[in-house]
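Q: I'd like to ask you about the structure that follows.
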Amino acid sequence: MKPFMDEEFLLSTPTAQKLYHDFAETMPILDYHCHINPEEIAKDVCFENITQVWLGGDHYKWRQMRSNGVDEYYITGDAPAREKFQKWAETLEKAVGNPLFHWSHLELKRYFGYHGVLNGETAEEVWNLCNQKLQEPSMSVRNLIRRSGVTLICTTDDPADSLYWHKELAADDSFEVQVLPAWRPDKAMNIEKPDYAEYLKKLGQAARCQIEMFADLKMALKKRMDAFEEMGCRASDHALEYVMYVPETEENLEKIFAKRKQGEMLTKEEELKFKTAFMAFAAECAVSLIFNITTASYSDAVVNVGYKEFNLILASSVRNCQFTFAATVFRSTSHADNSLRRFEILSILLFKHCLVMTLSSISAISSQLPCFGV
């Protein structure tokens with residue numbers, strides 16, 4: 001029987017094995033999108049247990065646990081670390097075929113020397129093994145990054161972030177890996193959120209301006225984008241439920257913004273009009289940034305908006321900057337069969353369009369990132 005996750009895992013042909021082992025395996029990793037906390041890198045944190053490493057901030061694992069019916073107490077609540085890990089182990093055994101299953105076991109193998117399968121029954125064994133291993137100096141945050149062959153990390157940062165830890169890392173000659181901020185303005189776009197007014201105050205303080213109008217918001221974001229660029233930012237990331245396109249005039253956009261500032265809730269159409277304008281503005285400003293859109297599913301965007309309109313916002317995005325698109329496609333039985341067929345056709349068109357943009361982005365990032373010395 002073939003060993004579980006051996007050295008040829010996912011390498012099903014001789015060509016794949018040669019390409020990986022002879023070329024890709026030892027190449028440096030440029031991680032232009034991750035969720036590692038820059039403070040943990042700056043402090044070279046040593047974790048106490050595997051729960052801190054895996055479940056301290058991994059929203060992918062959190063989402064999988066929720067889909068498994070796990071109570072939030074064991075996900076982001078105050079449950080003991082060992083109990084949280086148990087719930088994750090019991091979830092993972094139901095996720096065979098899911099990338100999380102692969103990632104988790106590859107990490108157990110490569111960093112902890114565990115070649116078994118994590119599930120509810122083996123959780124105690126894995127818990128003890130990992131926690132013992134984490135006490136070694138080689139398992140600190142910086143050393144884990146080094147062991148992974150990473151030469152560049154772009155963290156995920158809000159426009160209101162002071163970038164204090166990035167400044168600390170930039171001045172630290174003892175760590176050879178570049179750690180750069182990446183622009184993630186979701187909170188500035190999510191006008192429907194209950195805490196939006198509070199966030200505007202925080203952003204205004206960071207940009208040293210008062211935000212009363214949509215024009216003020218755009219000015220504040222421009223100021224923060226300049227600050228990010230000074231710290232070496234070369235990538236942005238925008239998380240969307242789906243890609244909307246509902247254009248509106250500047251005059252009416254200001255009315256929508258004023259309505260929300262006064263504490264009133266917006267209609268769904270008003271929300272989408274604002275977000276459309278926000279994304280178009282973000283794309284036009286991101287002249288020197290890799291412009292990445294991450295969406296959980298774009299089926300609704302395609303079925304409800306259509307490729308023509310969707311392509312308009314793509315065109316707006318790529319006019320002044322490079323553009324990449326990351327998406328997970330879910331087939332949905334809630335749509336009629338003809339919609340699904342249309343979705344499949346449009347997915348191919350989008351893939352072809354985004355492939356060209358991604359290749360352009362690779363060219364752009366190689367010429368702009370300081371790690372290339374150009």
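Q: I'd like the full set of residues that are among the hydrophobic types (A, V, I, L, M, F, W, C) and not in a strand (DSSP E or B), limited to region 176-196.
A: Listed by number, the residues that qualify are Val177, Ala182, Ala188, Met189, Ile191.
Q: A further question on this structure: Which is of a type outside the set (Lys, Arg) and touching a helix residue (DSSP H, G or I) at 6+ places or on another chain (Cβ under 7 Å), of Asp6, Asp31, Asp44?
A: Asp44
Conditions (1) in contact with a helix residue (DSSP H, G or I) (Cβ under 7 Å, 6 or more places away or on another chain); (2) assigned to a helix (DSSP H, G or I), marked per residue:
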| site | (1), (2) |
| --- | --- |
| Gln132 | no, yes |
| Arg142 | yes, yes |
| Thr151 | yes, no |
| Ser174 | no, no |
| Tyr199 | yes, yes |
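Q: Which condition does Leu106 not pass, out of (1) in contact (Cβ under 8 Å) with a residue 24 or more places away in the chain; (2) of a type in the set (A, V, I, L, M); (3) surrounded by 15 or more Cβ atoms within 10 Å (Cβ to Cβ), if it passes all the others?
A: Leu106 satisfies all of (1) in contact (Cβ under 8 Å) with a residue 24 or more places away in the chain; (2) of a type in the set (A, V, I, L, M); (3) surrounded by 15 or more Cβ atoms within 10 Å (Cβ to Cβ) except (3).
Q: Kindly list, by first and then second residue, each pair from a residue in region 221-246 that is without any contact (Cβ under 8 Å) to a residue 24 or more places away in the chain and buried (at least 22 other Cβ atoms within 10 Å of the Cβ) to a residue that is aliphatic (A, V, I, L, M) and in a helix (DSSP H, G or I), limited to pairs with Cβ atoms under 9 Å and residues at least 6 apart or on different chains.
A: Pairs that qualify, where the first residue is without any contact (Cβ under 8 Å) to a residue 24 or more places away in the chain and buried (at least 22 other Cβ atoms within 10 Å of the Cβ) and the partner is aliphatic (A, V, I, L, M) and in a helix (DSSP H, G or I): there are none.
Q: Here's another thing I want to ask about it. Can you tell me which residue in region 113-130 is nearest to Ile36 (Cα to Cα), limited to those that are touching a residue at least 60 places away in the same chain (Cβ under 8 Å) and assigned to a helix (DSSP H, G or I)?
A: For region 113-130, the residue satisfying everything is Cys130.
Q: Right, next: Pull up region 1-32, narrow it to residues that are at pLDDT 90 or above, hydroxyl-bearing (Ser, Thr, Tyr) and under 20 Å from Thr151 (Cβ atoms), then point me to the one that is surrounded by the most Cβ atoms within 10 Å (Cβ to Cβ).
A: Filtering first and then ranking leaves Tyr20.
Q: Hey, another quick one. Do we have Tyr73 as at pLDDT below 95 and of a type in the set (Phe, Trp, Tyr) here?
A: Considered against the rule, which asks whether it is at pLDDT below 95 and of a type in the set (Phe, Trp, Tyr), Tyr73 comes out as no.
Q: Also, I was wondering about something else. Restricting to region 186-214, give me the number of residues that are surrounded by fewer than 16 Cβ atoms within 10 Å (Cβ to Cβ) and either in contact with a Pro (Cβ under 7 Å, 6 or more places away or on another chain) or small (Gly, Ala, Ser) (or both).
A: Counting residues in region 186-214 that are surrounded by fewer than 16 Cβ atoms within 10 Å (Cβ to Cβ) and either in contact with a Pro (Cβ under 7 Å, 6 or more places away or on another chain) or small (Gly, Ala, Ser) (or both) gives 1.
The values are calculated or read from the model by the stated rules, or taken from the named source; none is laboratory data. Predicted model only: the values in this text are computed from it and were never measured. Methodologically, a virtual Cβ is constructed for each residue, glycine included, from the backbone with ideal geometry; neighbour enumeration extends over all protein chains shown.
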